[in-house]
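Below: the structure, in structure tokens.
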Amino acid sequence: MTFKLPKLIATSVVRGSVQGESHGGIYTVDFEKKEAEQHVDWNTSNIDFEGRGADRGLRGICFNEEDIYIAASDEIFVYDQNFQVKRSYKNRFLKHAHEINRFENLLFITSTGFDSLLIFDFDRDEFTRGLHLRKTQEGWKSQLFDPNTEDGPGPGNTLHLNNVRCSKKGLFVSGLRTNALISIDS
């Protein structure tokens with residue numbers, strides 16, 4: 001029995017880069033042919049160099065029909081199959097995105113700079129909800145907010161949220177300073 005090896009799309013973050021150098025990119029890796037190709041070099045000049053990863057690199061990939069959605073620090077880019085930008089989406093509550101995950105018609109994005117998740121609805125073609133997380137003496141608390149208004153959390157990176165997974169089993173979030181896998185089931 002012969003197996004055909006996959007071809008994958010990958011993004012990267014180059015933390016040690018300096019202004020003017022590449023901060024990551026978009027690649028395809030063909031395991032069958034043992035070839036890799038860089039399609040996008042993330043070397044924008046308006047990158048904030050404060051902090052560990054901050055604005056550097058591209059983080060997270062998902063697909064919606066023929067489109068490829070890729071997260072940058074404060075913007076979601078939509079690429080075609082040839083890796084040309086078709087459009088992009090920004091939101092004032094999206095800062096230092098670390099990961100994205102698709103479930104049904106929704107895209108979940110960690111917004112590390114606001115200790116929040118943002119939710120993008122593919123059918124409505126817009127950000128529709130935000131979920132701010134915090135740890136209190138009584139335990140974990142979450143607060144829904146409308147990301148299309150000024151009413152929402154202030155900037156903050158106390159949890160350093162960098163993972164999100166949504167499935168029929170629930171919504172799961174973790175971060176550098178959560179010391180837990182947080183499960184949200186309602």
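The values are calculated or read from the model by the stated rules, or taken from the named source; none is laboratory data. Remember, predicted model here, so these are calculated numbers, not experimental data. Every residue, glycine among them, receives a Cβ derived from its backbone with ideal geometry; neighbour counts consider all protein chains shown. Heavy atoms of the whole protein, side chains included, go into the accessibility calculation; ligands, DNA and RNA do not. Shrake-Rupley method; radii C 1.70, N 1.55, O 1.52, S 1.80 Å.
Numerical summary
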read-out: Qualifying position, being over 22 Å from LEU176 (Cβ atoms), modelled with pLDDT under 90 and charged (D, E, K, R), among GLU65, GLU37, GLU32, GLU21; value: GLU21
read-out: Residues of the stretch 62-80 satisfying the condition of being assigned to a strand (DSSP E or B) and open to solvent by 40 Å² or more (accessible area, probe 1.4 Å); value: PHE63
read-out: Residue in the stretch 6-18 that is modelled with the lowest pLDDT, counting only those that are closer than 21 Å to TYR79 by Cβ and not hydroxyl-bearing (Ser, Thr, Tyr); value: VAL14
read-out: Residue list for the stretch 148-186, restricted to those being under 17 Å from GLY113 (Cβ atoms), open to solvent by less than 70 Å² (accessible area, probe 1.4 Å) and not polar (S, T, N, Q); value: GLY152, PRO153, GLY154, GLY156, LEU159, HIS160, LEU161, VAL164, VAL173, GLY175
read-out: Considering residues of the stretch 96-105 that are surrounded by 20 or more Cβ atoms within 10 Å (Cβ to Cβ) and in contact with an Asp or Glu (Cβ under 8 Å, 6 or more places away or on another chain) only, the residue farthest from CYS166 (Cα to Cα); value: HIS96
read-out: Residues satisfying the stated conditions in the stretch 132-143, i.e. modelled with pLDDT under 95 and surrounded by fewer than 21 Cβ atoms within 10 Å (Cβ to Cβ); value: ARG134, LYS135, THR136, GLN137, GLU138, GLY139, TRP140, LYS141, SER142, GLN143
read-out: Residue identified as surrounded by fewer than 20 Cβ atoms within 10 Å (Cβ to Cβ), closer than 22 Å to SER167 by Cα and either modelled with pLDDT under 95 or touching a strand residue (DSSP E or B) at 6+ places or on another chain (Cβ under 9 Å) (or both) among PHE127, PHE108, PHE83, PHE122; value: PHE122
read-out: Hits in the stretch 124-157 - residues which are within 18 Å of the chain's Cα centre (by Cα) and farther than 14 Å from ASN91 by Cβ; value: LEU133, GLY156, ASN157
